[in-house]
Ligand code: AP5
């Protein structure tokens, strides 16, 4: 089944499951997933100029400056009609820049999916998250642990904790989210493309809820 023409933004607090759901949809529908967090973490790992600029913000749970992020997204969506944005936009300025870019092409966003999860569940999920530094697979030691002790099921590499998944940094990320990103809910609600999905429950149930929204709204 072709799913061309979907231009989706995943919005939600840290740890809501945006990356998990964006990866599943990307595989299922064959649409490119663009995760600013993943791109930045890879840049930090490689020690590139972008990584050097971004690291101090990320480690503190603060936002990387808008100009850097907007430039990054322009490169990523160049020449493609369908995409899932995970972790972008995060400020009104980023959202306006995205709208301008897509308006120039006559291909606006089709869906903004807000995945809602309460704060206490977020802290529980993020303190238990582990990632594979080699292939990027994401685990949760409570909800979806690896088969073998802290080793990646896909490539066998020892799993690590993200440097911003310490409880003090998680609390700061939640504060930064409330101050900067939560305002995007109103921004998009007024545009008629905003859909809220309950992010609690099994991963596959959340995915079904998201697919329902995408299906209904395309008709
Ligand atoms: P980023 O990587 O985007 O972090 P985030 O928004 O804080 O989101 P997370 O990746 O923590 O959570 P998620 O919602 O993707 O959850 P996940 O699916 O992993 O950004 C990191 C940093 O980069 C920022 O702090 C900032 O510095 C910078 N940055 C990035 N984009 C930027 C931008 N646009 N502007 C400025 N700066 C930017 O799930 C979390 C855990 O829960 C996992 O363990 C998972 O297995 C588990 N889980 C998922 N779903 C479920 C479920 N249904 N039930 C139980 N467990 C679940």
Boolean, residue 166 is surrounded by 13 or more Cβ atoms within 10 Å (Cβ to Cβ), at pLDDT below 95 and more than 13 Å from residue 14 (Cα to Cα): no
So residue 25, is it more than 7 Å from the ligand (Cβ to nearest atom), closer than 11 Å to residue 84 by Cβ and either at pLDDT 95 or above or surrounded by fewer than 18 Cβ atoms within 10 Å (Cβ to Cβ) (or both): yes
Matching residues, region 134-166, being within 21 Å of residue 40 (Cα to Cα) and within 14 Å of the ligand (Cβ to nearest atom): 136, 137, 138, 139, 159, 160, 161, 162, 163, 164, 165, 166
Residue tally, condition more than 30 Å from residue 158 (Cα to Cα) and crowded, with 19+ Cβ neighbours inside 10 Å, over region 85-108: 7
Residue 100 vs. criteria more than 12 Å from the ligand (Cβ to nearest atom) and closer than 22 Å to residue 21 by Cβ: no
The lone exception for residue 123 - which of (1) without any contact (Cβ under 8 Å) to a residue 40 or more places away in the chain; (2) within 13 Å of the ligand (Cβ to nearest atom); (3) closer than 29 Å to residue 44 by Cβ it fails: (1)
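The values are calculated or read from the model by the stated rules, or taken from the named source; none is laboratory data. Because the structure is predicted, anything quoted here is derived from the model rather than measured. For neighbour counting, all protein chains shown are included, and Cβ atoms are generated from backbone atoms with ideal geometry for every residue, glycine included.
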